[in-house]
Every structure is written in structure tokens, then in C-alpha cells.
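Inspection log for the structure reproduced underneath, given as C-alpha cells.
Readers should treat all values here as calculations from the given coordinates under stated rules, not as data from a laboratory. Here the structure is a predicted model, which means the values were calculated and not measured.
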Amino acid sequence: MSRPMQTNQQISDREIWSMAQQWVFANKKLIRQIASPYFRFMAGDNEDLYQEAIIAAFKALVVSRKKRKQEQFVRYFRVIFRTNCIQLATGIQTVHCLEDYFLPSQEQEENSKEPEEEKIRQALTAVTTRQREICLWLLRQPVPVGTRDIAREFKVSRRHACRLVMLSIQRISGAST
């Protein structure tokens, strides 16, 4: 139940991601058991929990492969996943629906002027390269987009897309004050 899958030396990230997904699907009971003390304090549902588990499994597979200790995969997974659960339960905020908080309505868009390119470039210096890519992509969209669209475009989970946008907004607003 808790054995990792066999890995070779020449495995791509895509294959590792697929292995992580398969392992999480096969070990849902273990994942629920590890997360049970923290789950009621998390601002997410079962889908979010399994997405976090896939990310933790991916990281554990990479670490166990890098250290050439594949038999230690489950230990690495437990530590990484439990750490993620604790972080989620102790205050890393997630937003259930970004559209309700950050996306402007159609009327506001028509009345507002486009910000100058220099101001945008200056504001985006406060964020990471990945966050900058996402922000620029959002600014180029002709209609408002949701976290599902962001996740699909950048090949991340909806929860991770939500975090990236939320952290970008926090950094930009923190830099402007």
C-alpha cells in the first residue's frame, strides 16, 4: 500500500508527475489518515487535499530519486505532506472563489482607463518571474478569466493558481504602499 513505484535513472518530470498521481490515487486512505488531525482547520475540500498530496508525492519522488533512496519515499512523503497540511491549517489563506474578490465587473472595465505600461512594469517588479508571467497573461485577456482558466493555461492545480494570483496581489499591493 505504501510502497513507491519503481523508477529508472532517465525519468522525466512528466512521468514522475504521473507516478505521483497514480500513487496518490492508490493510497487515498493513507493520505486521509495523515491529514486527519489538520483537515478540519484547512480551507479546502477533498479535491484540494489530494492535489496537495500529489504535489507532496512528486516532491518526495524527486528527493528519493536524487538521494538514490527509493525505499525512503514514504518517509519523505509523510514529512512533506504533513508539513503542507500544517501550513494549510495554520494560516496560509486560500480563496474559494477568486472571481468574487478580485475581478472587476464589466461596468468598471468600461469606465477605467488602461494603466500605463511603465506603471505595470514597475508594479510587477515586486513579484516572482512565474507570478509576472501569470499577471501579464491576465492583463492580456479580453474578458475576465477564472482560476480554472489560469490553471489550464499554466498547467497547475486550481488551488496553486489561486495561491499564485493571491500572492501576486499581496506583493504588488505591499510594494505600492
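Please count how many residues of segment 138-177 are assigned to a helix (DSSP H, G or I) and farther than 27 Å from Ser18 by Cα.
Our first condition is that a residue be assigned to a helix (DSSP H, G or I); within segment 138-177, this holds for 138-140, 147-154, 158-176.
Going one step further and asking which of them are farther than 27 Å from Ser18 by Cα, we end up with 138-140, 166-176.
Here the count works out to 14.
Hey, does segment 122-131 have a residue that's of a type in the set (Ser, Thr, Tyr) and part of a helix (DSSP H, G or I)?
So in segment 122-131, the residues of a type in the set (Ser, Thr, Tyr) come out as 125, 128-129.
Still in the running and part of a helix (DSSP H, G or I): 125, 129.
So far as segment 122-131 goes, yes, one or more of its residues are of a type in the set (Ser, Thr, Tyr) and part of a helix (DSSP H, G or I).
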